Amino acid sequence: MATRPMSPQVLLLPVKPGFIAITLIAALLANLLPWSGWALWLVPDFVALTVLYWCIMEPRKIGFLTAWSLGLLMDIADGSLFGQHALAYTILAYAGIALNRRVQRFSMTAQVLHVIPLLLFTSLIVLLVRALAGADFPGYAYFLGNFTGAALWPALAYLLKLPQRPRPDPDRV
Amino acid sequence: MEHTPPPLFRTGPTALARLMIFAMLSVVLLIADARFNYLTTLRQIAGVIVYPLQRLAATPAAMGSRIADFFVTHNTLRVDNQRLTAQNLELATAAQRNAALHKENTHLRSLLDMQARVNVPSFAAEVIYAARDPFSRKVMIDQGLQRGIEPGRPVIDHVGVVGQVTRAYPWLSEVTLITDKGQLVPVLNVRTGFRAVLSGTGDDGRLELRFIPLTADFQIGDQLVTSGIDGIYPQGLPVAEVTHVERNTAYLFANIACKPLAGVNSGTQVLVLGPRPAQPEPPQDTPATAAPKKRKKS
């Protein structure tokens, strides 16, 4: 790649903690929608995506405690082992926080390429936990949701950044 | 000492340390839940927190189906009505015959001084959503502890057994379907009276009869009903139909696959059965084997 031209960057407004909370609740709602059949395999884990997004973009405003408690709520809603999603989201939050400076600098495509392995790694951990608890491998379709999740990343990034964009200044000509 | 940050930048433990703390906590929870089933109270609390979200998320689909119901065509209603009338007639005949048989049965039973078979109370519930867990087959229904649902209650639909309540929250409960891996249902072959244990495979629409001797009489199309010897499922509920029988003399047991009769993955209306009347205590001297791993030959 040749020298990358610096794209002009918009200075974003600080994000409101209330907005983060609302997006996380919305993600939880999206996860609880009554999906069925093939959609159940394809649908990404919205909570994981949103947690990862906020950990990368605002690592100081979201913590492990949030990720962990969201994981517990997901465990209840899914009827899975208690602590399974909590562990996965904690690790995802760590990955997001550790990589935040790096990922933020990349273009959208490169960001997606960062997100795929992180999501895959998280599902791998869930798989490992369930395998230890005696479950069978559910088939490779199990990983499909991670790819749809990564494909949704640009849209998610656009949506979640909307309220941070500065209002056009009416006094400026 | 020169590595300690100035107080301005002090942000508590490092990210790695926090990761370790929360990962350890999760692992402790996992072990406590998977091995010891300690966390019922904690689950109840979290269940109450997540309940409004669960109901809210189920609303659009419920509303959609209600709207679709409203716009049902005249033709559909007519066809439905015809079908139901025909079915009603059929059922009425069956019910009359059944009433006569029931009377005869109670009479015979009283003659034989046997315990009268008691009707189990039941109440209707609706499936809200299927759990997203790819490792298990579970659904959530909209009745819980408030209505007296407890773990262990059998769940049926209009055709047969769907599953069993495994966890009850205040207003919801979790039903493990019979297709879940490790879910066992003691059954009886209607044609031969052979008792067996039907186990889920984790595969939709496929159940297995394990540890059946090669010589056992099973044919494709055999109906399996609950045997009622487990003290959980009432006797005689249809469960599955045999779809595949393979007898390979290289193995000790026959390979018998079945498919569930009830709409395990599709139904939305289910019936939760109430508690069965107390069973007589098993005799003290024999070890009480609660696990339904019985391989009795009839």
Number of the exception - A:D136 against (1) among the charged types (D, E, K, R); (2) more than 18 Å from B:L19 (Cβ to Cβ); (3) more than 12 Å from every other protein chain (Cβ to nearest Cβ): (3)
query: Does A:F137 satisfy the condition of being over 19 Å from A:V15 (Cα atoms) and surrounded by 15 or more Cβ atoms within 10 Å (Cβ to Cβ)?
result: no
task: Grab the helices (runs of 4 or more DSSP H) fully contained in the stretch A:22-87, keeping just those with 2 or more residues being within 18 Å of B:I128 (Cβ to Cβ) and either at the interface with another protein chain (Cβ under 10 Å from one of its Cβ atoms) or in contact (Cβ under 8 Å) with a residue 60 or more places away in the chain (or both).
output: A:64-78
Counted residues, the stretch A:128-150 - those being touching a residue at least 24 places away in the same chain (Cβ under 8 Å), part of a helix (DSSP H, G or I) and not charged (D, E, K, R): 10
message: Quick check on the stretch B:125-175: of everything there that is over 15 Å from the mean Cα position of the chain (by Cα) and more than 22 Å from A:L28 (Cβ to Cβ), which residue is nearest to the other protein chains (Cβ to nearest Cβ)?
response: B:L145
- prompt: Which residues, counting only those in the stretch B:210-229, are closer than 14 Å to B:L273 by Cβ and buried (at least 20 other Cβ atoms within 10 Å of the Cβ)?
  reply: B:T226
- request: Go through the stretch B:66-105 and give me each residue that's within 30 Å of B:Y169 (Cβ to Cβ) and of a type in the set (G, A, S).
  value: B:A68
query: Just one of A:V103, A:V115 is of a type outside the set (G, A, S), in contact with a helix residue (DSSP H, G or I) (Cβ under 6 Å, 6 or more places away or on another chain), more than 21 Å from B:E174 (Cβ to Cβ) and at pLDDT 90 or above; which is it?
result: A:V115
query: Does at least one position in the stretch B:207-226 carry a residue that is within 27 Å of B:G144 (Cβ to Cβ) and at pLDDT 90 or above?
result: yes
query: Is at least one residue of the stretch B:159-166 farther than 22 Å from B:E208 by Cα and out of contact with any Ser or Thr (no Cβ under 7 Å at 6 or more places or on another chain)?
result: no
- prompt: In the stretch B:127-193, which strands (runs of 3 or more DSSP E) lie fully inside it and hold 2 or more residues that are among the hydroxyl-bearing types (S, T, Y)?
  reply: B:173-177
- prompt: Before we move on, is A:S80 under 14 Å from the mean Cα position of the chain (by Cα) and under 23 Å from B:T176 (Cα atoms)?
  reply: no
task: Return yes when B:M63 is under 30 Å from B:P170 (Cα atoms) and modelled with pLDDT of 90 or more and no when it is not.
output: no
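The values are calculated or read from the model by the stated rules, or taken from the named source; none is laboratory data. Worth saying up front: this structure is predicted, and the values here are computed from it rather than measured. With ideal geometry, Cβ positions are generated from the backbone for all residues, glycine too; neighbour counts draw on all protein chains shown.
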